[in-house]
Structures are given as C-alpha cells and as structure tokens.
C-alpha cells in the first residue's frame with residue numbers, strides 16, 4: 001500500500017477523516033511538526049517511508065518552492081515539485097478544501113498527483129529561446145511552420161495600449177505510437193519583442209501560418225494584435241473557453257487551469273517582473289502552459305465538453321467585432337446626466353449630514369451608515385445591505401427617511417461612479433479620446449453559458465449588462481439617454497418575452513404553466529388572477545387612449561401592484577426561494593404591502609405572508625417545485641450532469657439533495673441556460689447572416705440580459721425585422737415525463753430611435 005505524508009497544523013486534525021475519504025486504498029501519515037528547512041522535510045518523509053508529501057502549512061510549503069519571488073498558499077495550491085526523488089504537493093488548509101463540494105473535488109484531484117502519478121498526462125519539457133534579432137525570429141518562424149499546433153500569448157503595456165512581447169509555442173505530435181499508449185508530443189517556445197517594423201512583419205508571418213492556433217482568453221490578445229494591424233489566422237482553440245465548457249463552476253485563470261490539468265507544474269505567474277528578458281521568458285511560459293493544457297483537453301475531455309466548446313467558441317468569435325464597435329456617447333446628454341446626479345447625491349448627503357450633525361458624513365461609507373443605524377437604536381443590524389436597510393426603515397418614520405435618503409444618494413452616486421466617469425471612453429496611445437463606449441462580452445463569465453460583461457480589453461468602458469432593465473432600475477432609462485446610434489443610424493433592440501417562465505414551463509412539463517405562458521394573455525396578470533383569486537379583467541385590460549395630436553397609446557395594467565406582486569412571487573418560486581430569501585428579495589415594505597393588498601390576517605408575521613405567497617404558486621403550478629425538482633436531483637445524483645435541450649451540458653460538483661444552496665443553483669440553471677443558449681444561437685445567426693453581410697447598414701452591439709441591441713441604417717427597417725425573425729428559434733424540449741414539445745419564445749422589437757432610452761415598439 002502506498003504511503004503519503006501530510007504536514008498539517010494542529011487545527012486541521014478535526015477534518016482528517018474527510019480527507020481520508022478522498023484517498024481510499026492509501027496509507028495516510030500525518031505530522032504537525034513544522035520543519036525549518038527542506039532537508040528536515042526530506043528526513044521526515046523518509047522516516048515515514050512515504051513516496052510523497054503534501055503540505056498545508058504556508059511556512060513549510062514555502063520551503064519546497066524556494067525560487068518563487070512571492071509565495072501565497074492560494075496561488076501555489078496544487079503545485080507539485082520534486083526534490084531528491086520525492087514529490088511535494090502544496091495544498092490549502094484542509095478546513096477550506098473539505099467543507100465544500102468543489103474543495104473536495106480539487107483536494108482529491110491534487111492528492112492524486114501523489115497517489116496516482118501514472119494516471120496524469122505526460123508533459124514535455126519547457127524548451128525556450130528569446131528571438132531578439134530578425135535572423136533568430138525568421139528561423140523560429142520557419143521551425144514553427146512545421147508544427148501541428150501553435151499557441152501564442154502577449155504581454156501588454158497598459159498605459160500605451162501596446163504589447164511589447166509575443167511568444168509562440170509550437171506543438172509537434174509524436175509520429176510513432178508509444179508502446180505504453182501514452183499521448184506524446186514535444187514543444188518549442190519562442191519569444192519575439194514587438195520592437196520595430198521588421199519584427200512586426202515576422203510576428204505577422206507567424207500568426208498567418210495555416211496551422212491551428214491556441215490561446216488563453218484569446219479575445220484579449222487578439223484585440224491588441226488587431227489594433228496593431230496583425231490578424232491571426234486559424235484561431236480554433238482557447239483554453240479558457242474549453243475549460244468553462246467542461247467545468248463551468250471552476251475558475252478560468254491560466255495558472256489554475258494549468259495546475260488543475262498538468263501534474264508536475266508549479267505556479268509561475270509571479271516570475272514576470274524585472275528585466276525584459278524575465279518578462280519575455282514569463283510570456284513564453286504562458287504560451288507553453290496554454291499549449292500543454294490544450295493538448296490535455298484534446299486527449300481527455302468528454303464528447304459533451306467538445307460540443308459545449310463548439311457552441312461557446314462560436315459565440316466568442318461573434319463577440320469580437322461588436323465589443324470593438326461599441327456604442328456612441330452623446331457628450332451633452334452625458335454632461336447633463338453627470339450634473340443632475342452629482343446634485344442629487346450632494347443634496348442627499350448634505351441633508352443627512354445636517355440631520356445627524358456631522359458635516360463630513362459620507363452615506364457611501366458602510367461603516368458610517370452602520371454607526372448611524374446603531375445610534376438610532378437598531379443595534380441588532382450588522383450590515384447595510386438592502387434587506388437590512390429595509391428592516392431598519394420600517395421601525396420608525398425617521399428611519400425610513402434616512403434609509404430612503406441613503407438609497408437616493410447611493411443610486412445617484414452609482415450613476416456618477418459607474419456610467420459617466422471619463423475612464424469609460426477609449427483614449428488611444430496618442431492621447432485622443434473617442435466618444436465611444438466599448439466593453440468586453442464574456443461567454444465564459446457565468447455557470448449557465450449566458451454572456452457576462454466587464455470593462456474592455458483596453459482598460460476602459462464598463463459592464464454593459466449592469467445597465468438593468470427599465471422596470472428594474474429607475475436609473476436604467478437615465479443612463480440610456482447618453483447612449484446613441486451612429487450618424488445615419490437608428491438603434492434597435494429585440495427582447496425575448498418572459499423567456500425564463502416559458503423555459504421553466506416546458507422544461508418542467510407543468511401543463512398549467514405551459515397553458516399560462518402560451519394562452520396569449522398577460523402572463524403576470526394571469527398569475528395574479530390564479531394566485532390570489534382576482535378576476536383577470538380586474539388586473540389587466542387592453543385599453544387605448546388618444547392624445548390631442550392623434551397619438552394612440554395602449555394601456556394594459558389596471559392593478560399594477562397586484563401584477564408586480566405576482567411577478568416577484570413567480571421569479572422567487574422559479575429559483576426555489578424559501579420564505580426568508582423571498583422576504584429579503586421583495587423587501588419588508590413590499591411584503592407589508594402584499595399583506596394589506598391581499599387582506600391577510602393582521603396577526604401573520606412577514607415570514608408567514610411569504611410562505612403563503614409561495615404556497616399560492618405551488619398550488620397553481622405544483623410540478624415546478626415538486627416533480628421537476630426531484631428530477632433535477634436525480635439527474636445530478638446519477639450522472640453529475642445537467643443536459644439542456646440545446647445540448648449544453650453542465651458538470652455539477654454540488655449536492656442538491658443535502659445542500660439548499662446547491663439545489664437552488666441547479667434548479668435555476670436549466671431555464672437560465674436554455675434561454676442563454678437560444679440567445680447565443682440567435683447572436684451567431686445575426687452575426688453571420690446580417691452583421692457580416694450588411695456591414696454598411698448594420699451594427700451588432702451587445703447582448704443585454706434577454707435582448708440583443710443593434711443599429712441599422714435609417715430606411716433599412718427590414719434589417720430590424722430580420723433580427724426579430726432570426727431570434728425566433730424553435731427548440732425541441734423533452735420534459736421529465738418524456739413528452740417532447742416545441743418551444744418558441746416570442747420576441748418584442750423596439751427601434752426607430754437614435755437614443756437608447758427612446759426606442760419605439762415596432763410591430
């Protein structure tokens with residue numbers, strides 16, 4: 001029986017049994033002795049007759065990576081290094097890794113580097129050369145031309161939007177079969193300085209080689225390459241996207257992916273400081289790690305991960321052009337928006353400061369706000385989050401005024417700090433500022449496969465998906481007033497209607513919910529009628545009124561509070577919220593309002609009210625939180641996989657049977673993922689059939705939640721209707737009972753406006 005030694009702290013002993021469960025069939029020896037040198041560690045391992053050693057104590061773990069410029073336990077976790085014939089593994093504190101589902105998975109995987117080294121893929125040595133002359137670079141390009149794959153990576157200089165070095169790693173597959181059946185290949189890595197026109201031409205030659213290219217989050221690298229006139233060809237593989245396609249719940253950083261995938265690799269991301277020579281070699285290490293990691297994926301990934309990857313990578317490719325195109329910013333509107341919100345924020349701050357007698361009071365400081373809350377007698381509140389502020393506000397009219405004033409301040413300050421700051425604009429290396437908002441659209445930013453967003457690769461812009469729906473955030477409209485169409489264009493937005501409710505209906509097979517979403521009536525009003533026993537006509541009626549100028553307006557909702565209440569309950573139940581979470585989500589004031597609106601007993605607590613609201617959903621749609629949840633649990637228990645109708649598959653580390661948080665996440669996943677995948681399919685179709693074909697008259701901008709934002713030249717309304725048409729994608733959905741139905745989520749179309757906030761309904 002193989003023996004491994006663990007050097008741990010005394011505090012970790014209580015978790016040892018959980019650790020033993022991860023490595024059956026292995027003798028585990030433990031010591032809390034903390035040696036001060038590598039030689040001492042070696043002696044302890046030899047005395048234990050162990051073949052390998054894992055270390056969770058930072059001071060001791062530091063000794064096995066003596067050449068590391070900086071050492072942190074989190075960075076080096078999973079790093080496996082050999083000294084004098086003994087393998088040493090750095091691990092996090094056992095209390096961290098043994099108490100979560102992903103932690104246990106990682107612990108088992110990392111420990112297998114010691115217990116089952118033969119099961120890990122073979123990794124070639126890192127062979128590296130700095131090609132700092134044209135002759136060396138030209139020779140390297142020639143050698144790269146015979147590679148089977150080429151990985152590349154750049155190092156950027158933020159202040160100049162410049163890359164000063166690029167590395168290429170050529171992958172050369174073994175042409176003979178290995179007698180042991182091992183997948184073998186060799187690598188050669190070259191770094192080129194981006195120094196002059198000659199080197200730029202040689203870099204371009206390497207990028208144009210008709211050989212499959214590999215990147216790590218390649219949209220970033222390609223943004224800089226394109227900026228400097230270099231267009232990579234045959235970009236087929238990306239490790240960040242592939243790892244997300246395999247393990248969506250895991251981090252996507254190169255260091256993590258590499259250490260997760262390869263055995264004898266130690267953390268290296270702290271080695272790039274100092275001289276250009278160090279920086280170039282660090283860049284080379286990045287491209288080598290990218291190449292080796294991708295080879296492992298190609299060898300060992302399951303088929304469903306490849307299918308996921310094809311779908312995700314297409315989406316990523318279709319994001320490159322839109323995120324560089326960006327939206328135009330109206331400087332005048334932006335200035336008015338900034339001026340207005342600065343005044344609102346300052347007035348709210350001044351009013352609060354005068355009331356508390358503190359001229360320098362800062363409502364944006366949670367410490368100062370919490371001190372005020374305690375001073376007003378609410379010493380039991382220890383957070384300034386929305387739920388806690390809600391609880392504070394209902395206790396006294398004065399508290400309510402303070403809470404609303406603080407909310408007003410934060411809302412206005414958020415607009416100023418997030419949306420109208422100078423840094424959102426792109427400033428080029430010459431100092432020219434463009435009136436344009438650019439951003440990064442990220443296909444691997446969520447567990448469900450839906451697009452996320454963040455600031456642009458050029459260190460500007462903003463998270464465009466943070467601009468919430470108009471009905472969800474009063475600031476959404478005001479922010480949209482500064483985002484406008486290019487000259488000669490209108491903006492358009494096509495939005496799926498009640499997508500997640502429709503998805504949940506078809507996925508669960510709840511016939512009542514299917515009827516509700518397909519009957520043609522207003523869904524949330526119909527729910528309100530079913531939940532609370534109020535006639536539908538008392539909640540929603542199609543009404544029209546005509547302005548003196550002849551403009552026809554449609555007005556549907558008669559009882560907005562009741563409709564909004566049903567909407568909140570529906571969303572809460574779809575995500576399996578309990579009464580407490582629903583209370584926090586709705587807010588105390590809204591629950592009190594619901595209690596009054598529904599004439600519930602005055603003796604009921606707010607939790608009882610929330611339980612009642614959820615019970616009305618369950619009575620109306622019993623399958624959603626009944627059989628459907630049991631089906632989700634059964635799928636994960638049996639296969640660890642959730643497979644969607646589009647083929648997107650998620651590996652699930654959690655335990656929905658015994659963990660409520662895991663259950664909520666996985667219950668919400670199928671509908672969110674289905675909607676995201678359908679939206680991504682539409683995104684690809686619009687990109688290939690409209691954006692690339694009608695480049696003069698059409699601009700594809702972004703995904704915003706369940707919608708696609710675009711621009712079309714005035715007079716080309718046909719392109720807007722084409723977008724709406726392409727979004728109508730029928731999907732075959734099979735429910736837990738084995739019944740297959742065709743799901744077609746309708747979309748609404750807005751356009752004919754140059755300002756995002758002013759778009760009109762288009763029928």
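The values are calculated or read from the model by the stated rules, or taken from the named source; none is laboratory data. Keep in mind that what you see is a predicted model, and the values were worked out from it rather than measured. With ideal geometry, Cβ positions are generated from the backbone for all residues, glycine too; neighbour counts draw on all protein chains shown.
Can you work out which of the residues in the range 375-390 that are assigned to a helix (DSSP H, G or I) and in contact with a helix residue (DSSP H, G or I) (Cβ under 6 Å, 6 or more places away or on another chain) is nearest to residue 352 (Cα to Cα)?
389
Would you be able to say whether some residue in the range 595-615 is modelled with pLDDT of 90 or more and within 30 Å of the chain's Cα centre (by Cα)?
Yes, there is a match, as at least one residue in the range 595-615 is modelled with pLDDT of 90 or more and within 30 Å of the chain's Cα centre (by Cα).
Within the range 194-210, can you find the residues that are crowded, with 17+ Cβ neighbours inside 10 Å and under 8 Å from residue 233 (Cα atoms)?
207, 209
One line per residue, one yes/no per condition, for (1) surrounded by 18 or more Cβ atoms within 10 Å (Cβ to Cβ); (2) closer than 24 Å to residue 118 by Cα; (3) outside the structural domain of residue 271 (by TED's automatic domain parsing):
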| site | (1), (2), (3) |
| --- | --- |
| 7 | yes, yes, yes |
| 10 | no, no, yes |
| 22 | yes, yes, yes |
| 27 | no, yes, yes |
| 33 | no, no, yes |
| 53 | yes, yes, yes |
| 56 | yes, yes, yes |
| 70 | no, no, yes |
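Of these, 449, 461, which one is outside the structural domain of residue 243 (by TED's automatic domain parsing), at pLDDT below 90, closer than 27 Å to residue 432 by Cβ and touching a helix residue (DSSP H, G or I) at 6+ places or on another chain (Cβ under 6 Å)?
Working: 449 fails: closer than 27 Å to residue 432 by Cβ.
Within the list 449, 461, the selection yields 461.
Taking only the range 723-740 into account, find how many residues are surrounded by 17 or more Cβ atoms within 10 Å (Cβ to Cβ) and more than 29 Å from the chain's Cα centre (by Cα).
Final tally of qualifying residues: 0.
Taking into account only those residues within the range 233-269 that are under 22 Å from residue 440 (Cβ atoms) and touching a strand residue (DSSP E or B) at 6+ places or on another chain (Cβ under 6 Å), which is surrounded by the fewest Cβ atoms within 10 Å (Cβ to Cβ)?
247
Sort through 398, 372 and tell me the only one that's surrounded by 13 or more Cβ atoms within 10 Å (Cβ to Cβ), part of a helix (DSSP H, G or I), over 29 Å from the mean Cα position of the chain (by Cα) and not assigned by TED's automatic domain parsing to the domain that holds residue 581.
Residue meeting the stated conditions: 372.
Could you please find all residues in the range 628-669 being closer than 21 Å to residue 495 by Cβ and in a helix (DSSP H, G or I)?
The answer is 668, and nothing else.
Within the range 172-189, identify whether any single residue is modelled with pLDDT of 95 or more and under 21 Å from residue 274 (Cα atoms), and answer yes or no.
yes
Among the residues of the range 544-572, how many are closer than 22 Å to residue 520 by Cα and either at pLDDT 65 or above or in a loop (DSSP other than H, G, I, E, B) (or both)?
15
Applying the selection to the range 344-355, what residues are surrounded by fewer than 19 Cβ atoms within 10 Å (Cβ to Cβ) and touching a helix residue (DSSP H, G or I) at 6+ places or on another chain (Cβ under 8 Å)?
Residues satisfying the conditions are 344, 351, 355.
So, in the range 270-297, how many residues would count as being surrounded by fewer than 17 Cβ atoms within 10 Å (Cβ to Cβ), out of contact with any strand residue (DSSP E or B) (no Cβ under 8 Å at 6 or more places or on another chain) and either touching a residue at least 40 places away in the same chain (Cβ under 8 Å) or within 29 Å of residue 447 (Cβ to Cβ) (or both)?
Selection size over the range 270-297: 3.
I'd like to check something: does the range 662-683 contain any residue that is over 21 Å from the mean Cα position of the chain (by Cα), surrounded by 20 or more Cβ atoms within 10 Å (Cβ to Cβ) and not assigned by TED's automatic domain parsing to the domain that holds residue 101?
Within the range 662-683, not a single residue is over 21 Å from the mean Cα position of the chain (by Cα), surrounded by 20 or more Cβ atoms within 10 Å (Cβ to Cβ) and not assigned by TED's automatic domain parsing to the domain that holds residue 101.
Which of the residues that make up the range 58-92 are under 22 Å from residue 104 (Cα atoms) and either more than 31 Å from the chain's Cα centre (by Cα) or assigned to a loop (DSSP other than H, G, I, E, B) (or both)?
Hits for the range 58-92 are 61, 72, 77, 78, 79, 81, 87, 88, 91, 92.
For residue 378, indicate whether it is over 32 Å from the mean Cα position of the chain (by Cα) and crowded, with 18+ Cβ neighbours inside 10 Å. First the steps, then the outcome.
Working: over 32 Å from the mean Cα position of the chain (by Cα): yes; crowded, with 18+ Cβ neighbours inside 10 Å: yes.
Spelling it out, residue 378 is indeed over 32 Å from the mean Cα position of the chain (by Cα) and crowded, with 18+ Cβ neighbours inside 10 Å.
Here is a yes/no grid of residues against (1) outside the structural domain of residue 337 (by TED's automatic domain parsing); (2) in a helix (DSSP H, G or I); (3) within 30 Å of residue 337 (Cβ to Cβ); (4) in contact (Cβ under 8 Å) with a residue 60 or more places away in the chain:
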{"residue": "487", "(1), (2), (3), (4)": "yes, no, yes, no"}
{"residue": "490", "(1), (2), (3), (4)": "yes, no, yes, yes"}
{"residue": "494", "(1), (2), (3), (4)": "yes, no, yes, yes"}
{"residue": "501", "(1), (2), (3), (4)": "yes, yes, no, yes"}
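Would you call residue 41 surrounded by 14 or more Cβ atoms within 10 Å (Cβ to Cβ), modelled with pLDDT under 95 and touching a helix residue (DSSP H, G or I) at 6+ places or on another chain (Cβ under 6 Å)? Break it down stepwise before answering.
Working: surrounded by 14 or more Cβ atoms within 10 Å (Cβ to Cβ): yes; modelled with pLDDT under 95: yes; touching a helix residue (DSSP H, G or I) at 6+ places or on another chain (Cβ under 6 Å): no.
So residue 41 fails the test.
Looking at 520, 492, 488, which is the one that is farther than 26 Å from residue 558 by Cβ and either over 30 Å from the mean Cα position of the chain (by Cα) or surrounded by fewer than 22 Cβ atoms within 10 Å (Cβ to Cβ) (or both)?
488
Can you find, within the range 109-131, the residue that is surrounded by the fewest Cβ atoms within 10 Å (Cβ to Cβ) among those that are out of contact with any helix residue (DSSP H, G or I) (no Cβ under 9 Å at 6 or more places or on another chain) and in a loop (DSSP other than H, G, I, E, B)?
Looking at residues that are out of contact with any helix residue (DSSP H, G or I) (no Cβ under 9 Å at 6 or more places or on another chain) and in a loop (DSSP other than H, G, I, E, B), I get 125.
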